[in-house]
Amino acid sequence: MAYVTPRKNADGEITSYQVKWRLGGSRSAPQQTERFEADEDGRLAAEVFCEAVNDNGQQWPPGWVKGEGYIDPSAGVEDSYVFAAYARQCIANKTGVEERYRADCYRELEEYLLPTFGNCDIRSPEHFSKATVAAWVNKMAQTYVWRGSKRKLMSPKTLRNVHGLLSSILKEAVEAEPPLRVRNPCKGIRLPRTDDEGALDDERTEEMEFMTPDEVGGLVSCFERPEDKVLVRLAYGTGLRWGEITALAARHARNPSPGIFEVRVSRAWKRRPKTHPQPGAYLGTPKSKASRRTVEISVGLWQELLGHGLPALGKDALIFHNGHGERLVYSTFYDRWVAAVTEAKARGLIPEWKYPTFHDLRHSHVAALLSDRHSMEYVKRRLGHESIKTTSDRYGHLLREAHAGALVTIDRALGISSTTGPGGEADEVEEHEARTPVTDPGRSLYVAHVGSRLVGFWRAEDAEELAERWARERGGAVRVERMSADWWIRSTGGQIGSDNGLKAVRDELPGRAFVWFLGPALYDVDGRECTPNPSAHQPAGRWVWEFEEEDHTEEPSHSTTRWRPGREALTEARAWGLDQEAVLAAYAVARADAVRTCGYHPERAAGERQPVT
């Protein structure tokens, strides 16, 4: 039950009246408070509010804004500007969204936004300010919700989603014609971290769980049904989502030319809300335009599909189904997935602390690709992401942390034989030569031979770490050797009496940055573009070490336009930097400069030099 309590200072004087109660009335629910003035009017107001809380089932009274009081919709606020009406209209007017997403927005609006903001004026800077939104965020962070059969605090991810809905509604008001608001107070509100939910040790706290190829292979071995084994192998080998892979028909698995095997993603299972005239699952378009894609698969996976009975299926028949040719429902497969994970843990094939889901096969697929040095752009296209920023934000950290593996490793771990080499056996993944750290006391240092560069370290483990990362991300062998200080001085040209070259020896790993590159774009003297590779116009990112001085940067963007030497008389434009958008802008400027100056190339005959117009 709610109650009123006076708050006093050290002298015993009442400074305010406070109403306290447990949200919903449960003893374990978060405590709620509202403050009132210390005078007689404040005491009476506190008692009235306390009674309203009790009458409303220990919930905040409808129309009450914390710290503000009741918002009376009849006090000069037109119906169209009341938040409840305006928000519903905004959701109804959303374009390019599925009905299930719209229904989710309505549900979140009713559950989490309207109890606090329902009667507020969308135009009011007092009703919607940084203070009121922050108070609402703190309230939501202490709100209990149901997750399956368990009642838990709202997760940071859910809070971010609801906050995003509120922000989108207020943004509509800012961008209305004429504008209804000057600013969106949701901007700048600090939200709880999505990686800090305060979960117990035996609960999964990460959004992604990465499995190594060996762990996936072990998991596959724990499935009893052969069709489940093929499903999991194909999911790991392609990175397809559940709705995509279970929508594959026989006609979507192709062998267009000798040695080329692929699956075409052109549809996915969707679900209409219960309020729809035709509720339930249906086959619709994939998640986005980029999700309509063709994914190449290995010969080993193709042979798995053939063994699964692909040739005998009609062209429209589902490859994976419920045994009667109909949609395979995830809840049905989920029980078999949990049983396989449990068995794999019991056998020691998966660590006890990992809690993988089916979708984690997609994440683990990405880890294998990045560890085998495939570019972010390639991963983006393979996953069907609209923007490479999505790929980078979600998986960029794997460029240095991914486990050692590749498509060939995937096949080997799954027990699939890939006949890729002339001898019918898969080529082994090349490993760099530095495997055993050299430890020798005294005047010694450790040198990593990175291409033509010599990078020196005082500690063997730092040289080994650089060699490991370079080999994983760039490929090729990286040799680490122990050198005497005298040999290092001679090899680097150090002079007695100066630093002897030893200042270049590092105490720790050098820094690095994830740099975006564009170009080079090439133009001949008449302004015609002759770039041999059109992909040069697509941003590609990679980690660059600080000793790679020609490419390493700490700036948002750089660009160069230069004449290439040679009889071809080409002019080159390129750009690079830390900010993808800034690099794109710099690249456009560099290309324009190249077109403007290419006619002055020094290799062009003097009498022929004319500016390009």
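Quick notes on this structure:
- Selected residue [closer than 23 Å to GLY24 by Cα and out of contact with any Leu (no Cβ under 9 Å at 6 or more places or on another chain)] from PRO125, PRO178, PRO115, PRO156: PRO115
- Within the option set ARG394, ARG382, ARG347, being open to solvent by 60 Å² or more (accessible area, probe 1.4 Å) and at pLDDT below 90 holds for one residue only, ARG394.
- Residue satisfying all of: in region 272-295; open to solvent by less than 70 Å² (accessible area, probe 1.4 Å) and among the basic types (Lys, Arg); farthest from the chain's Cα centre (by Cα) among these: ARG272
- Any chance ARG107 is open to solvent by 60 Å² or more (accessible area, probe 1.4 Å) and assigned to a loop (DSSP other than H, G, I, E, B): no
- Residue check for SER298: polar (S, T, N, Q) and surrounded by fewer than 18 Cβ atoms within 10 Å (Cβ to Cβ): no
- Hits in region 241-271 (condition: part of a loop (DSSP other than H, G, I, E, B), more than 30 Å from the chain's Cα centre (by Cα) and of a type in the set (Gly, Ala, Ser)): GLY259
- In the set (1) at negative phi; (2) surrounded by fewer than 16 Cβ atoms within 10 Å (Cβ to Cβ), the condition left unmet by GLY323 is number (1).
- Only one of the listed residues (ALA582, ALA594, ALA569, ALA504) is surrounded by 13 or more Cβ atoms within 10 Å (Cβ to Cβ), at pLDDT below 85 and hydrophobic (A, V, I, L, M, F, W, C). That residue is ALA504.
- Answer residue from region 183-211, given it is at pLDDT 80 or above and among the charged types (D, E, K, R) and is surrounded by the fewest Cβ atoms within 10 Å (Cβ to Cβ) among those: ARG190
- For ARG482, the test of being at pLDDT 85 or above and either open to solvent by 40 Å² or more (accessible area, probe 1.4 Å) or part of a strand (DSSP E or B) (or both) is failed.
- For region 95-120, a tally of residues being within 15 Å of PRO273 (Cα to Cα), β-branched (Val, Ile, Thr) and in contact (Cβ under 8 Å) with a residue 12 or more places away in the chain returns 0.
- Members of region 354-365 found to be within 10 Å of GLU209 (Cβ to Cβ) and either outside any helix (DSSP H, G or I) or open to solvent by 80 Å² or more (accessible area, probe 1.4 Å) (or both), listed by number: LYS354, TYR355, PRO356, THR357, HIS359
- When region 14-25 is limited to residues that are touching a residue at least 24 places away in the same chain (Cβ under 8 Å) and not aliphatic (A, V, I, L, M), the one that is surrounded by the most Cβ atoms within 10 Å (Cβ to Cβ) turns out to be TYR17.
- Taking the criterion of being more than 20 Å from MET376 (Cβ to Cβ) and either open to solvent by 50 Å² or more (accessible area, probe 1.4 Å) or aliphatic (A, V, I, L, M) (or both), the residues of region 539-553 that qualify are GLU546, GLU549, GLU550.
- The set of residues in region 262-276 being out of contact with any Gly (no Cβ under 8 Å at 6 or more places or on another chain) and modelled with pLDDT of 90 or more consists of GLU262, VAL263, ARG264, SER266.
- Residue-level check: of (1) touching a Phe, Trp or Tyr at 6+ places or on another chain (Cβ under 9 Å); (2) within 25 Å of PRO565 (Cα to Cα), ASN533 misses just (1).
- Flag for ASP214 being within 20 Å of ARG347 (Cβ to Cβ), part of a helix (DSSP H, G or I), modelled with pLDDT of 90 or more and of a type in the set (Asp, Glu): no
- Yes/no for ALA513 being part of a strand (DSSP E or B) and within 30 Å of TRP488 (Cα to Cα): yes
- For region 119-175, filtering for residues that are surrounded by 15 or more Cβ atoms within 10 Å (Cβ to Cβ) and among the acidic types (Asp, Glu) leaves 2.
- Members of region 340-353 found to be part of a helix (DSSP H, G or I) and either free of Cβ contacts under 8 Å to residues at least 24 places away in the same chain or in contact with a Leu (Cβ under 8 Å, 6 or more places away or on another chain) (or both), listed by number: ALA340, VAL341, THR342, ALA344, LYS345, ALA346
- Region 71-94 residues that are under 17 Å from THR116 (Cα atoms), paired with ones that are modelled with pLDDT under 60 and open to solvent by less than 70 Å² (accessible area, probe 1.4 Å) (beta carbon under 6 Å, 6 or more apart): VAL82/PRO73
- When residues of region 444-460 are limited to those that are at pLDDT below 80 and not in a strand (DSSP E or B), the one least open to solvent (accessible area, probe 1.4 Å): GLY451
The values are calculated or read from the model by the stated rules, or taken from the named source; none is laboratory data. Everything quoted here is computed from the prediction, not taken from an experiment. Every residue, glycine among them, receives a Cβ derived from its backbone with ideal geometry; neighbour counts consider all protein chains shown. Heavy atoms of the whole protein, side chains included, go into the accessibility calculation; ligands, DNA and RNA do not. Shrake-Rupley method; radii C 1.70, N 1.55, O 1.52, S 1.80 Å.
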